[in-house]
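Bear in mind these aren't lab numbers, they're just calculated from the coordinates by the rules spelled out. A quick note: this is a predicted structure, and the numbers were derived from the prediction, not measured. No Cβ is skipped: glycine too gets one built from the backbone with ideal geometry, and neighbour counts run over all protein chains shown.
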Amino acid sequence: MPYINLQITRGATRAQKAEIVREFTATLARVLGKKPEHTHIVIQEIDDHDWGFAGLLTDEWRKGEAGKGHS
């Protein structure tokens, strides 16, 4: 019974989450021969201020990126 726990920052739409579940399930079926009806996927959304990388909380990192004028 495959179990995937995917943690992402908040903001994904329901449609995007549904696509993730479909694609991950299809990949496990194709690559490992796992039955889709036995595959479990949990998507946990984490607030930006509860996620950090590169020495910064994600909300602070995003503020810095916004200030750089990327389009």
Inset, instruction - Please give the helix 58-67 orientation as an angle from the longest Cα principal axis of the chain, in degrees from 0 to 90, rounded to the nearest 10. - result: 60
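Please state the relative contact order of the chain as a whole percent: Cα pairs under 8 Å, 6+ residues apart? Walk me through the numbers on the way to the answer.
Values: 61 pairs, mean separation 27.7, N = 71.
Relative contact order comes out at 39 percent.
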Legend entry - Cα long-axis angle, helix 14-32 against the chain (0 to 90 degrees, to the nearest 10): 50
Inset, instruction - Evaluate the distance, in nm, between pseudo-label points positioned 7 Å from the Cα of Asp59 and of Val42 along their respective Cα→Cβ axes. - result: 2.5
Inset, instruction - Excluding Lys17 itself, calculate the net charge of residues whose Cβ lies under 13 Å from the Cβ of Lys17, where each Lys or Arg counts +1 and each Asp or Glu counts -1. - result: 0
Inset, instruction - For Gly52, enumerate residues with amide H under 5 Å from its amide H, sequence gap 5+ or separate chain, H modeled in the peptide plane. - result: Thr58
